[in-house]
Structure formats: C-alpha cells, structure tokens
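As structure tokens, the structure follows; a few thoughts come after it.
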Amino acid sequence: MGPETPAALVRGVGLFAPLLPMIVLCLWRAPRQREIAAMVVAGAWSLLTLVPLNLYALRAGWWSFHAEGAVWLGVPVDLLLAWALLWGSLPALLLRLLPVPLLAGLLVWVDVIVMPLAEPVVVLGPLWLLGEFAGSALCLIPALLLAYWTRAGQLVHARMWAQAALALGLMVVAPLVALDALPAPGAAFTAAQVLALVCLPGLAAAREFARVGGGTPLPFDPPVRLVTSGPYAYLRNPMQTAIAAAYVVLFPVTGNPWLLGGALAAFAYGAGFAGWHEGGRLREAFGRDWEAYRAGVRPWLPRWRPWPGRTSGTLYVASDCDMCRGLGGRLAARAPVALELRPAAEHPEVLYRLTYETPGGLRWSGVSALARALEHLHLGWALVGWALDLPGLRHFAQLCADAFGAGPRPSREPADAPDGEGRAPARGVEV
C-alpha cells in the first residue's frame, strides 16, 4: 500500500487483518473459559491505553490520521479497534503457540512493517519509532502479561488491580470523555474525592474476590470460593452498585443528564443479565450456601450490620499489652458479628502483631488485621476499614502506629497465670 491506495481499502484491511486470524484460531479450537478471560482483559487493556497513546502521538507529531467518518478525538475508530485486537485479543490466542517474549517481538516487528503501509490514512512523523516503543511498553507488553497470567491463573492480585483500573477507565473516565463531561478544573478535586468514596466498596469487593475467593470480578475468571466477607457481608452487588453510584454523584458535578442514563443502564445490567447469569452460576457452584446468602443479603440496598452467616474471623490480641487490650475491649463492646477475640498467646504460632485469621487459614496482621475486624461491626466502621487497608494508606498507618508504640513485640501470658495449667508457652503477637 502507498499514497495512492484508497483510504477505505486501508481501513478495511486494517480491521480484518487481526480479526480473521482470531476467527480461524477460534474455529480451530474453541477457547476455554480462561482463554476468553485473557482475550477480554488483554483487549480491554490495549483499547484503554491506545487512546491516550494516540492522542499524545497526535500532539507530539509521531503520526497523524487523515480519515473521514467514524473518527473519535481525531483517531479512526476502526483502526483503534483493529490495533486493540492486534495487541490484545489476538495475542491471547496466539499464546497457545508462542511464548510471551517471542510473541511480543513478533508483534512489534509486524507493527513496524505495517505502520508505513497504512498511508494515506496514517501519516508517520520523523520520530514515529519512538511512539512505537512507547506503545509497546504501555500497551502491548502489559496486555501480553495480563493474558498470560489470566490463562495460567497466576498473580491474581495483579490481575484484580488491572481489572479495577480497566473498570474505572472504561466505565467512568471514557464515558465522561465521550460525553465531553469532564469536571471543570475547579470541581475536579471534589469530584475525585466523592468518586473515591462511592467506588471504595466496589474496590474492596474486587480485592475480596482476589484475597478470599481466589478469582477476579471478570465473569470468565471468577472466584473459586463463595465470598461472603468484606462488602459482600453487607451487599450482594457492591461493584455494580459502585458504578451506578459513580454516575449518580457525577451528574450534579458535570450537569450532564446522560450520566443518569448510565446509572440506569448499570442498574438494568446488574438486575437483569448479570443477576440471571451470575445467580445461576453461583447456585450451580455453591448450592445451599448461595441460597442462604442470597436470602440474607440484599442486592442493592446494603445492610447496616453484617450478615450473621458471613465468613467468621478470629482476632488475636496481646494480653500483656495495655494498648492492645484496650482496643480489644472497644471492639468487644460494639458486639461484633461473627468475630471472636482471643488472647494472642493461645495461637499455636509465634505472632508479633495484631493478627486476624479466618477458618480457611487466611491471615492479616497489624493495621490490616484491625481493618478486617472493623468489618464485623457495622457499615460505617467497615468503610473505615476498607479505606484503612488500601495500599499506601495502610503502610502509612502502620508506620504511624509503630511510631506511637504499637510496634512488633512478643506477647506473654498474663502475669498471674500459674505455670503448668494447660497454658500455651509464651508467644509473640504482632501489635
């Protein structure tokens, strides 16, 4: 192809070049559930990151687009989708045949060859290879890694955070950009704060899927265990509720009524297709446990106190630490639901901080343990706990707690406990 090539032919070939191999690979062997998840996540990552890449490329002069029709923000939509397929969904299937390093090199080589052939639709600038390098680092390599980890069931926490970023980008930021409804600079900080608050339960729910359920929010990569802790002890659909609430709170900030339509669409999807599909799958996978949970927790209106049938927890508190005993007493005075408080010295292992455990053997310590315990009180304290357990904030809070005397220390039996009466030997507790 070259300058005399019709633009329609360039755009048509560009779209079908990655689409046809995908169809062939799917017909050759139907993708398994994890392959579908890998295709969705990798394609979504490529699509989300290719938008800012191309916008910056237009500004920096790496390349430009000469096209009419189906153009968004100066970028042809069909070529954007084709690029997302080429660097996202198609490689997720090609991982059947090639390892990640070889596949990444092959795709970069193909793109370097194809880009000059896309004239007259794509006109390259003198530094376009710099843009190719930036795209490989920002779009292609992360998409390939996400596809590989998803196929192999590895690094569930990294996959969860990537999906959370995709949900925010594709379901909140992209609609705001498409509707030209981004908040004014003066209101952006307020909008971000409100958005962070309403999205907190959804993010905590996604983390609960990864930490407790061993899966992600993506329907093709679900948890392997029924999750009834965290936000799910209060609400059945915390992530879908968070997205709908985000549209509602952004409406008065932006003044765009289409955002209320987005809230209705999110509610309709959650109450309709998602409720039917996920409910059937959960009923099949977890049977009576799911039915009991479904009967006790509402889908959209949260409980004030956690569901009594939620996953129980045990909080180990040092008996020889005044600060720890005081904390344990304040928690006990609020009648926590499904939480047992026990002396740290009774634990069979040596502990050095406040420690929270579940019957399944999962463990949290220090500030994270306190955050987990707060979930057993009521929704207000649960929100505090979910915020406290966020990366960065959790580490800062732990540093502050250590600085004020709550650092690691060994826990011992109470001084008046006689020896040889079945007590465990002196242990340590993480305070």
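With the requirement that a residue be surrounded by 15 or more Cβ atoms within 10 Å (Cβ to Cβ) and of a type in the set (Val, Ile, Thr), what does region 4-23 give you? Residues satisfying the conditions are Thr5, Val10, Val13.
Of all the listed residues (Ala204, Ala143, Ala162, Ala167), the sole one being crowded, with 18+ Cβ neighbours inside 10 Å, in contact with a Phe, Trp or Tyr (Cβ under 6 Å, 6 or more places away or on another chain) and outside the structural domain of Ala37 (by TED's automatic domain parsing) is Ala204. Within the option set Ala373, Ala345, Ala382, Ala332, being farther than 27 Å from Leu197 by Cβ and at pLDDT 90 or above holds for one residue only, Ala332.
Selection of region 339-355 for residues being in contact with a strand residue (DSSP E or B) (Cβ under 7 Å, 6 or more places away or on another chain) and hydrophobic (A, V, I, L, M, F, W, C) yields Leu339, Leu341, Ala344, Leu351, Leu354. Of all the residues in region 352-367, those that are buried (at least 21 other Cβ atoms within 10 Å of the Cβ) and within 22 Å of the chain's Cα centre (by Cα) number 2.
Count of region 396-410 residues, restricted to those that are of a type outside the set (Phe, Trp, Tyr) and assigned to a helix (DSSP H, G or I), is 9. Could you tell me whether region 69-80 includes any residue that is modelled with pLDDT under 95, among the small types (Gly, Ala, Ser) and within 21 Å of Pro21 (Cβ to Cβ)? Within region 69-80, not a single residue is modelled with pLDDT under 95, among the small types (Gly, Ala, Ser) and within 21 Å of Pro21 (Cβ to Cβ).
If you check Ala424, Ala415, Ala406 for being exposed (fewer than 12 other Cβ atoms within 10 Å of the Cβ) and either at pLDDT below 90 or more than 26 Å from Trp304 (Cα to Cα) (or both), only one passes: Ala415.
Only one entry in Arg334, Arg394, Arg372 is loosely packed, with under 15 Cβ neighbours inside 10 Å and either aliphatic (A, V, I, L, M) or outside the structural domain of Phe267 (by TED's automatic domain parsing) (or both), namely Arg334.
For the structure I just gave you, tell me whether Ala318 is of a type outside the set (D, E, K, R), outside the structural domain of Gln193 (by TED's automatic domain parsing) and more than 23 Å from the chain's Cα centre (by Cα). Judged against the criteria, Ala318 is a match. In region 315-388, counting only helices (runs of 4 or more DSSP H) that sit wholly within it, the ones holding 2 or more residues that are touching a residue at least 40 places away in the same chain (Cβ under 8 Å) and either among the small types (Gly, Ala, Ser) or closer than 21 Å to Leu235 by Cα (or both) span 367-374, 379-388. For region 24-36, the criterion of being of a type in the set (D, E, K, R), crowded, with 18+ Cβ neighbours inside 10 Å and within 30 Å of Val224 (Cβ to Cβ) is met by at least one residue. Would you pick out the residues in region 284-306 that are free of Cβ contacts under 8 Å to residues at least 24 places away in the same chain and either surrounded by 15 or more Cβ atoms within 10 Å (Cβ to Cβ) or in a helix (DSSP H, G or I) (or both)? Those that are free of Cβ contacts under 8 Å to residues at least 24 places away in the same chain and either surrounded by 15 or more Cβ atoms within 10 Å (Cβ to Cβ) or in a helix (DSSP H, G or I) (or both): Glu284, Arg288, Glu291, Ala292, Ala295, Gly296. For Gly215, are the conditions met, namely being outside any helix (DSSP H, G or I) and of a type in the set (Gly, Ala, Ser)? In short, yes. Scanning for something at pLDDT 90 or above and surrounded by fewer than 19 Cβ atoms within 10 Å (Cβ to Cβ), does region 227-237 turn up at least one residue? No, there is no match, as no residue in region 227-237 is at pLDDT 90 or above and surrounded by fewer than 19 Cβ atoms within 10 Å (Cβ to Cβ).
Thr311 meets the stated requirement of being hydroxyl-bearing (Ser, Thr, Tyr), under 25 Å from Trp290 (Cβ atoms) and crowded, with 18+ Cβ neighbours inside 10 Å. Note on region 95-131: residues that are part of a helix (DSSP H, G or I) and farther than 19 Å from Ala17 by Cα amount to 7.
Mind checking whether some residue in region 267-279 is among the aliphatic types (A, V, I, L, M), closer than 28 Å to Tyr356 by Cα and either under 19 Å from the mean Cα position of the chain (by Cα) or crowded, with 18+ Cβ neighbours inside 10 Å (or both)? Checked region 267-279: no residue is among the aliphatic types (A, V, I, L, M), closer than 28 Å to Tyr356 by Cα and either under 19 Å from the mean Cα position of the chain (by Cα) or crowded, with 18+ Cβ neighbours inside 10 Å (or both). Scanning region 27-67 for residues that are outside any helix (DSSP H, G or I) and without any contact (Cβ under 8 Å) to a residue 12 or more places away in the chain gives Ala30, Arg32.
The residues in region 159-204 that are more than 21 Å from Trp45 (Cβ to Cβ) and aliphatic (A, V, I, L, M) can be counted, and the count is 15.
The values are calculated or read from the model by the stated rules, or taken from the named source; none is laboratory data. Note that the coordinates shown come from a computational prediction; the quantities given were computed from them, not determined experimentally. For neighbour counting, all protein chains shown are included, and Cβ atoms are generated from backbone atoms with ideal geometry for every residue, glycine included.
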